[in-house]
Amino acid sequence: MEATAQHSDTAAAIAAQVPQQRDKADKKKEKKQRKKDKSKSSSSQSRKASRNKQDGPEESGELPSDRDQSEQDVRQSQEHAQAPAKRAAERKSKKERKRPKSSGQSRGDGMMGTDSDDSRTPPEPNSRNAPQLLNSSETRDRLQRESKDNDAALPRFCLKKYDEGTVQGHINFLTSEPYSDRYFDILETRKSLPVFAKRRKILKLVANHSVTVIVGETGSGKTTQIPQFLVEAGYCSVPGAKPYMIGCTQPRRVAAMSVSKRVAEEMDVAWGKQVGYSVRFEKKAGSETVLKYCTDGMLLREAMTDPLLSAYSCILIDEAHERTLSTDILLGLLKGLTVSRPHDFKLIVMSATLDAQKFQGYFDNAPLLQVSGRMFPVEMMYLQQPATDYFEETIRTAVTICTNEPPGDVLLFLTGEDEIEDAVARIESELEGTEDMCGPVTVYPLYASLPQYEQQRVFDPAPGPSKPGGRPGRKVICATNIAESSLTIDGIVYVIDPGFSKQKLYEPRARSESLQVAPISRASANQRAGRAGRTRPGKCFRLYTELAFNTVLEETTFPEILRSNLSMVVMHMLKLGIRDLVHFDFLDPPAPETLLRALEELVNLGAINEEGELTRTGHMMSEFPVEPEMAKMLVASSELGCVHESLSVAAMLSTSGNVFLRPKKAAKAADSAKRKFTHSSGDHLTLLNVFHAYKQTGKENGKEKDRATWCWENYLNHRTLKSADMVRGQLSGIMQKCGLLDVDRTPPTSQSTSSHFRRVLASIACGYFMRVAFRQGGNKDASYLTVMDHQLVGTHPSCTLTHRPDWVLYQEFVRTDKRFIRTCSAIEPDVLLDASPEYYNLDLFPEGSIKNELQRVARRRKK
Ligand SMILES: Nc1ncnc2c1ncn2[C@@H]1O[C@H](COP(=O)(O)OP(=O)(O)OP(=O)(O)O)[C@@H](O)[C@H]1O
């Protein structure tokens with residue numbers, strides 16, 4: 001902590017206003033509230049009771065701390081089991097810092113499970129409920145002005161009274177073409193979905209309320225059907241005005257893409273025309289689009305350019321239980337929109353496993369509709385005894401299903417790319433030679449960094465029998481939790497759930513964000529099971545005991561906003577015009593300390609000024625869908641004249657896949673192949689060498705096949721490199737848009753010169769100057785002290801540095817049983833002093849070996 005305290009003056013100044021602001025606002029609110037309470041009817045007693053219930057246990061605190069992966073076991077998760085006590089303590093402190101809530105009249109009226117709630121009158125738009133985003137007078141004026149314009153220009157929706165004929169007519173109202181036979185086939189299946197029977201109720205609720213909460217079992221039809229109901233009911237059409245869109249968010253891109261494809265088929269329209277999608281780095285939608293599925297992050301980006309989201313009449317936040325960072329910010333923003341666009345905007349919050357009361361309370365007692373029932377049953381199987389090694393147990397279960405169980409495809413969940421690639425190889429090798437017994441088996445990986453075309457392969461049908469009359473084949477999909485929600489993969493009968501996933505953990509004090517393998521929540525487990533039973537009956541193998549499911553797993557997933565570094569979120573919120581971050585109406589407000597750290601980081605990066613406003617640099621940085629440090633590195637590269645190289649480094653760092661392959665059987669050959677690319681300064685320029693060499697390969701004839709062979713021969717991951725190439729293209733487009741890319745300058749065609757390399761390292765330092773460590777002990781000593789938080793760390797074994805430089809810049813802090821810094825490069829202290837004279841202001845630097853060394857360098861520079 002020594003170092004950081006010196007660099008937070010501006011953030012501290014911004015933060016100093018926090019308690020006063022909070023006190024004032026809270027007092028005002030309380031006063032207003034007391035007035036209102038007096039005038040309320042006597043029914044407040046019962047409401048109070050239900051509010052108390054809803055205000056009860058709220059989540060707080062941190063994830064269980066890290067453990068050795070191999071030692072993990074759901075039942076033995078002592079840290080996890082202790083979590084409730086820890087949380088209770090934290091809850092107490094959180095309650096103290098939480099703003100006072102209104103008394104009974106609006107929150108938690110106990111509308112649980114009331115399908116008949118649709119007769120209730122819609123709540124009045126209430127300025128008390130507007131999120132604090134409206135505190136910024138500029139934003140408020142703009143919203144009100146634009147809202148008035150909207151009111152004047154737009155008549156209300158052209159709603160149709162629901163009539164089955166809308167979907168059963170013979171002419172498609174979106175294309176004016178006759179419906180195909182397939183449309184009617186699928187319509188029969190659609191009609192049997194539980195959600196279909198609730199269509200009238202859903203439409204009535206939406207018509208009468210600004211916000212509706214819908215909880216329906218997995219596979220009941222929420223994601224595919226409800227947006228269609230809204231389109232068919234007329235929420236896109238406004239007479240004489242540009243049609244509106246319906247937007248439906250998904251936490252993951254693979255779901256947004258595959259669901260939109262299915263819905264386009266169901267509506268008998270072209271995919272990408274009337275029904276489309278928008279995900280990071282890819283969009284398939286246009287001017288005719290009336291229904292768009294997008295990731296929550298993409299919708300947030302749209303809000304940055306159009307805070308009123310004026311293209312949309314309805315937004316459905318799907319899988320809200322996942323509580324991703326973007327979903328939580330969107331919820332706050334959209335709550336504001338229901339106030340500023342009371343007549344022409346509807347919000348629907350959906351999930352299979354939602355803490356419904358909490359959401360209802362947050363949305364001022366929004367009505368709740370519950371949809372029970374699913375398409376097909378799923379049989380649940382548990383272990384009798386806890387597994388000692390969840391990975392081995394998963395492989396064993398998958399192989400046993402393939403050899404012993406009746407036909408049907410398998411979906412298994414593991415925690416990350418490495419595990420998944422290992423699992424694919426293991427299952428393939430264990431099933432070798434068993435084709436006669438169990439039919440052909442195709443094993444597919446599925447994880448986020450896999451290129452899209454490879455992700456799509458999981459939807460291919462399973463292989464047929466290898467000979468006439470032989471056993472039908474099956475596919476086995478080894479996935480991370482990207483396949484956990486919204487996906488329907490036809491043919492899946494068996495789900496294997498070991499009960500773990502990689503989860504983000506942030507320690508604001510140490511300022512370190514890391515991914516840890518931790519037990520999933522019951523909500524996640526139910527989502528995983530729900531991938532079966534969608535197109536036929538299924539079985540779910542939980543590789544933990546039933547007791548562990550009921551007593552060890554937490555009920556819901558801990559919100560990401562409470563366990564993440566928020567610097568990117570804060571930058572985006574500022575871009576959205578939200579300046580009063582502390583009073584923003586978060587569903588679960590993050591700890592003030594986390595917000596402070598984020599502000600401090602942005603100040604250090606030059607993204608915000610003393611007033612807490614985005615600077616010109618900050619505005620440019622916020623255009624990039626990458627962490628602020630990387631965005632700053634890219635912005636700085638323009639001045640340093642190394643845009644093309646920095647773009648390549650950024651692209652290589654952005655792909656989460658491992659570029660270097662190291663099969664156990666060929667470890668020596670792989671290491672020697674890696675040495676060919678190794679740059680003496682370390683990992684960043686080594687990655688640049690790899691990317692340059694990849695781009696040179698097959699350049700003449702542009703054949704991807706040549707590149708694939710080259711990658712194979714050099715033990716490089718072809719997929720990762722392809723994906724880096726694509727990401728580079730996207731980032732380069734943003735650079736161009738920001739005027740940072742000199743389009744006339746051709747990108748380097750061969751390996752860069754050493755002066756270029758120095759500039760590239762300088763641009764990296766401009767972004768990552770806070771992630772630096774100083775060597776401790778002698779030349780051979782492997783330990784380093786981090787400048788930011790004085791932690792003793794070692795360089796990761798994968799690091800390509802061949803010597804022990806005094807100073808290293810690192811990309812990632814990794815915590816296993818030891819603390820490592822990963823992706824490291826040697827850096828000159830002069831470069832650091834130039835990269836951020838404010839951060840490296842030695843007058844404010846804490847005493848110690850790092851300061852002494854930097855002072856020595858500064859004296860040398862003066863001479
Ligand atoms: N691509 C597809 N192929 C075949 N059937 C599909 C497909 N997509 C959806 N379905 C059918 O539609 C049903 C409803 O799917 P939908 O995704 O709308 O459910 P959901 O309630 O949103 O589920 P979840 O909570 O798991 O996201 C599925 O159970 C399945 O029967």
State, to one decimal in nm, how far the label point of Met381 lies from the label point of Asn404, with both points 7 Å from Cα in the Cβ direction. 0.7
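Highest mean first, how do 559-566, 396-403 rank when packing is the count of other Cβ atoms within 10 Å averaged over residues?
Details: 559-566: 21.6, 396-403: 18.6.
Descending mean neighbour count gives 559-566, 396-403.
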The range 771-862: relative contact order as a whole-number percent, Cα under 8 Å and 6+ apart: 21
Long-range amide H partners of Tyr312 with built H, under 5 Å: Met245
Between Arg396 and Ala311, Cβ-based FRET efficiency (R0 51 Å, step 0.05) works out to 0.50
In nm, give the distance between the simple-model label positions of Ala270 and Phe173, each being 7 Å from the Cα along the Cα-to-Cβ direction. 2.2
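Ranked from highest to lowest mean number of other Cβ atoms within 10 Å per residue, what is the order of the peptides 351-361, 786-796?
351-361, 786-796
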Accessible area of Ser287, 1.4 Å probe, to the nearest 10 Å²? 120
For a Förster distance of 56 Å, can you work out the FRET efficiency between the beta-carbons of Ala197 and Cys738, rounded to the nearest 0.05? 0.65
When ranked by the protection proxy of mean other Cβ atoms within 10 Å per residue, highest first, what sequence do the peptides 660-672, 763-775, 261-273, 448-460 form? 763-775, 261-273, 448-460, 660-672
Whole-angstrom gap from the range 246-302 to the range 212-229, using each part's C-alpha centre: 16
accessible surface per residue for the range 390-561, probe 1.4 Å, DNA/RNA/ligands not counted, whole Å² -> 35
If you keep only loop residues by DSSP, which GluC sites (Glu not before Pro) in the range 368-424 have at most 12 other Cβ atoms within 10 Å of their Cβ? none
Would you mind calculating the gained length between His619 and Glu853 on full extension (0.36 nm times residue separation, minus the Cα-Cα distance), in nm to one decimal? 80.8 nm
Subtracting the Cα-Cα distance from 0.36 nm times the residue separation, let me have the gained length for Met726 to Asp181 in nm, one decimal. 192.3 nm
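Is there a pair in Lys502/Lys539; Lys204/Lys284; Lys346/Lys737; Lys222/Lys261; Lys292/Lys737; Lys191/Lys284 whose C-alpha atoms are over 21 Å apart, and which pairs would that be?
On the way: Lys502/Lys539 24 Å; Lys204/Lys284 31 Å; Lys346/Lys737 33 Å; Lys222/Lys261 15 Å; Lys292/Lys737 25 Å; Lys191/Lys284 28 Å.
Over 21 Å Cα-Cα: Lys502/Lys539; Lys204/Lys284; Lys346/Lys737; Lys292/Lys737; Lys191/Lys284.
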Enter the accessible area of Glu430 (Å², nearest 10), with the probe set to 1.4 Å and all protein chains included. 80
Given the Cα-Cα distance of Ser798 and Lys705 and 0.36 nm per residue of separation, how much length would full extension add, in nm? 30.7 nm
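The values are calculated or read from the model by the stated rules, or taken from the named source; none is laboratory data. Keep in mind that this is a model prediction, so the values were computed, not measured. For neighbour counting, all protein chains shown are included, and Cβ atoms are generated from backbone atoms with ideal geometry for every residue, glycine included. The accessibility values were calculated without ligands, DNA or RNA, using every heavy atom of the protein model including side chains. Shrake-Rupley method; radii C 1.70, N 1.55, O 1.52, S 1.80 Å.
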